[in-house]
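**Q** Handing you a structure now.
The values are calculated or read from the model by the stated rules, or taken from the named source; none is laboratory data. As the structure is a computational prediction, the values presented were derived from the model and not from experiment. Cβ atoms come from the backbone with ideal geometry, glycine included; neighbour counts cover every protein chain shown. Quick note on the areas: whole protein, heavy atoms, side chains included, nothing else; ligands and nucleic acids left out. Shrake-Rupley method; radii C 1.70, N 1.55, O 1.52, S 1.80 Å.
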Amino acid sequence: QAIDGKFCVIELDDELKNSVGNAKVLFAASEAKWVTSCANNVYISDGPFLFKEDGILYMLWSSFTAEGYAIGLSYSESGSIMGEWKHVEKPLYNNDGGHAMIFNTLKNERKIVFHTPNDSVKSSPKILDFSRSKKGIYTI
């Protein structure tokens, strides 16, 4: 998660009890242009949430920007967890929030929920609309 935090994947056995083989690195936090070092070249990778839409695998995840804790979006156009992973150039949310997840309401409205601020005492959930444009760009 720290130094240059990496997102990794490892295969599990059929009983989901033991790993099979070695972990494989998907990408490092510093690969996303929006991420900044929070101290002494430390890049945080935190809170991944994956979802698939129209054959593309997306990952919401959290790290730091110059403004504070933020939520970014990366994607694998192949739909494979193995990538190649690309990164949306700017964070989706850049106002001290993180650990995002998406869901549909009972009225089939797409929402994103995350905690803000990034403070264990003051943090509370925030729920916003989460939509995708005709060009495939997600916004909140």
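**Q** For residue 137, what is the net charge nearby, where nearby means another residue's Cβ is under 15 Å from its Cβ and Lys, Arg count +1, Asp, Glu -1?
**A** Within the 15 Å Cβ shell, the charges total +1.
**Q** In addition: Calculate the dipole size of the stretch 3-140 relative to its Cα centre from +1 charges on Lys and Arg beta carbons and -1 charges on Asp and Glu beta carbons; express the result in debye to the nearest 20.
**A** Dipole of the stretch 3-140, to the nearest 20 debye: 480 debye.
**Q** Can you pull out the GluC sites (Glu not before Pro) in the stretch 6-112 that DSSP calls coil and that have at most 15 other Cβ atoms within 10 Å?
**A** The qualifying sites are 15, 67, 77, 84, 89, 109.
**Q** Given a cut-off of under 8 Å on Cα pairs at least six residues apart, what relative contact order in percent is computed for the stretch 1-78?
**A** That works out to 25 percent.
**Q** Could you sort 101, 59 by their accessible area in this structure, using a 1.4 Å probe and putting the largest first?
**A** Result, largest first: 101, 59.
**Q** Expressed as a whole percentage, what fraction of the accessible surface of the chain belongs to carbon and sulfur atoms when a 1.4 Å probe is rolled over the protein heavy atoms?
**A** Ligands and nucleic acids excluded, carbon and sulfur reach 51 percent.
**Q** A further question follows. Considering only protein heavy atoms, what per residue accessible area in square angstrom results for the stretch 47-140 with a 1.4 angstrom probe?
**A** Roughly 58 Å² per residue, with all protein chains present.
**Q** By how many nm would the segment from residue 33 to residue 67 lengthen if fully extended, with 0.36 nm per residue of separation less the alpha-carbon distance?
**A** Stretched fully, the residue 33-residue 67 segment lengthens by 10.8 nm.
**Q** Turning to a different aspect of this structure: Which entries in 107/134; 52/90; 24/90; 86/126; 24/134; 52/122 show an alpha-carbon gap greater than 24 Å?
**A** Too far apart for the 24 Å limit: 24/90; 86/126; 24/134; 52/122.
**Q** For a quick check, take a GNM of the chain with Cα springs below 10 Å and name the residue from 48, 91, 117 with the largest mean-square fluctuation.
**A** For the chain, modelled as a Gaussian network with Cα springs under 10 Å, the answer is 117.
**Q** Which whole-number percentage describes the relative contact order of the chain, with Cα contacts under 8 Å and a sequence gap of 6 or more?
**A** 16
**Q** Residue farthest toward the positive end of the dipole of the chain, with Cβ of Lys/Arg at +1 and Asp/Glu at -1: which of 78, 49, 140?
**A** Comparing the listed Cα positions along the dipole, 140 ranks first.
**Q** Next question. Report the net charge of residues surrounding residue 24, where surrounding means a beta-carbon distance below 12 angstrom and charges are Lys +1, Arg +1, Asp -1, Glu -1.
**A** Net local charge, residue 24 excluded: 0.
**Q** Efficiency by 1/(1 + (r/R0)^6): what FRET value for residue 109 and residue 133, r their Cβ-Cβ distance, R0 = 22 Å, to the nearest 0.05?
**A** So the FRET efficiency works out to roughly 0.85.
**Q** Within 10 Å, at most 12 other Cβ atoms, and a DSSP state outside H, G, I, E, B define an exposed site. Report the longest part of the chain free of exposed trypsin sites (Lys or Arg not before Pro).
**A** Looking at the chain, 34-106 is the longest stretch - no exposed trypsin sites (Lys or Arg not before Pro) with at most 12 other Cβ atoms within 10 Å.
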